[in-house]
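Q: Here it is: the structure, laid out below.
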Amino acid sequence: MEYNDFKTILHERRSVRRFTEQEVAVEDIKELIDCARYAPSDTNSQTWEFIAIVNREKIKEIEQMTWDQLHKRAAEAEQRGLSKEARLLVKSFGPYATAFSDAPVLIVCLATPYMSKFRDRIFDPVQLVDDAVWAEEGIKSSCLAAQNLMLAAHARGLATCPMTGPVLLASEQLREYLEIPEHSQINMVISLGYPSERPGKLPRKEVDEILRIVN
């Protein structure tokens, strides 16, 4: 592949929130996960797992549990005198948190515990860091895999949108509903389908704003 071809994939990928009715084949999902699993990870720990929900009724149920928790948080904010913020939470954040509702596929990205021979033989015996750091390591690698998945989907003519709304609002309900073990962290959800919209290109910070070169 030429560099410019790859750069085009990067630049043209969009976060899409509206999808057609066309279903996504299981083989396509497996192809995307095949690409995801080739992401780099700390000491090749591969701290990622994926749940692909292809049942639209189940996706709607996850949408509803997200809304239920959002309304609960809004009601609690109202009781604390934060009426304006409560309304904004429902009106502004709600649609973003549940923008997966009409997608034919919802992928739940999990981060599994970081385990390696380095941790077993060196890091844990010398108490290198707190256990919370290892949980963060799992999330980092899971995010890298998720990016692979989304770029691969775009290259395959599919569209995605990464979201954390259900994780922020209804992680425990989602965990119970999908029988996710306690040791796995819910990182994000990614809607997947064939796009029915083409969002415009959003502005990005200039390279010189985000890069510092040290000689």
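Q: At a probe radius of 1.4 Å, what is the per-residue accessible area of Leu128, in Å² to the nearest 10?
A: 100 Å²
Q: From the list [x] 0.97; [y] 0.93; [z] 1.01, can you say which value of Rg/Rh (Cα atoms, Kirkwood Rh) was derived from the structure given?
A: It is the value labelled [z].
Q: Keeping all protein chains in place and using 1.4 angstrom, which order do Met150, Met115 fall into by accessible surface area, from largest down?
A: Most to least solvent-accessible, the answer reads Met115, Met150.
Q: Which one, Gln173, Gln127, Gln46, has the greatest fluctuation when you compute a Gaussian network model over the chain with C-alpha springs under 10 angstrom?
A: The residue that fluctuates most here is Gln127.
Q: Apply the Karplus parameterisation 6.51 cos²θ - 1.76 cosθ + 1.60, with θ equal to phi minus 60°, to every residue of segment 100-112 and state each ³J(HN,Hα) to the nearest whole Hz, in sequence, with x for glycine and proline.
A: Values per residue, Gly and Pro as x: 8, 4, 9, 6, x, 9, 10, 9, 9, 9, 10, 10, 8 Hz.
Q: While we're on this one: With every protein chain left in place, what is the accessible area of Glu63 in Å² (1.4 Å probe, nearest 10)?
A: The value for Glu63 is about 40 Å².
Q: Something else about it: Can you work out the PRE-style zone for Asn55? Point 7 Å along Cα to Cβ, and I want the residues of segment 165-188 with backbone N under 16 Å.
A: Label zone hits: 174-180.
Q: Sequence-distant or interchain residues sharing an amide H contact under 5 Å with Ile53, placed H: which?
A: Close amide H contacts, sequence-distant or interchain: Leu106, Ile107, Val108.
Q: Which residue, Tyr38, Gly81, Met188, has the largest displacement toward the positive end of the dipole of the chain when charges sit on each Cβ (Lys, Arg +1; Asp, Glu -1)?
A: Toward the positive end, the furthest listed residue is Gly81.
Q: Quick one: of Lys58/Lys91; Lys58/Lys140; Lys7/Lys205, which pairs are farther than 21 Å apart, Cα to Cα?
A: Lys58/Lys91; Lys58/Lys140
Q: Applying the Karplus parametrisation 6.51 cos²θ - 1.76 cosθ + 1.60 with θ = phi - 60° to the phi angles of segment 188-203, what ³J(HN,Hα) value in whole Hz is obtained for each residue in order, glycine and proline being reported as x?
A: Values per residue, Gly and Pro as x: 6, 10, 10, 6, 9, x, 8, x, 10, 9, 10, x, x, 7, 7, x Hz.
Q: A further question on this structure: Near the amide H of Asn187, under 5 Å away, which other amide H atoms are found, from residues 5 or more places off or on another chain, if H is placed in the peptide plane?
A: Cys109, Leu110, Ala111
Q: Once amide H atoms are placed 1.01 Å from N in the peptide plane, what residues at a sequence separation of 5 or more from Thr20, or on another chain, have their amide H within under 5 Å of its amide H?
A: Distant-sequence amide H within range of Thr20: Tyr194, Ser196.
Q: Could you let me know the centre-to-centre spacing of segment 164-191 and segment 69-100, using Cα atoms, in angstrom?
A: Cα centres, segment 164-191 to segment 69-100: 19 Å.
Q: Using Cα centres only, tell me the gap between segment 138-163 and segment 32-46 in whole Å.
A: The distance from the Cα centre of segment 138-163 to that of segment 32-46 comes to 11 Å.
The values are calculated or read from the model by the stated rules, or taken from the named source; none is laboratory data. Note that this is a predicted model, so its numbers are computed, not measured. Glycine also receives a Cβ, built like all others from the backbone with ideal geometry; neighbour counts cover every protein chain displayed. Quick note on the areas: whole protein, heavy atoms, side chains included, nothing else; ligands and nucleic acids left out. Shrake-Rupley method; radii C 1.70, N 1.55, O 1.52, S 1.80 Å.
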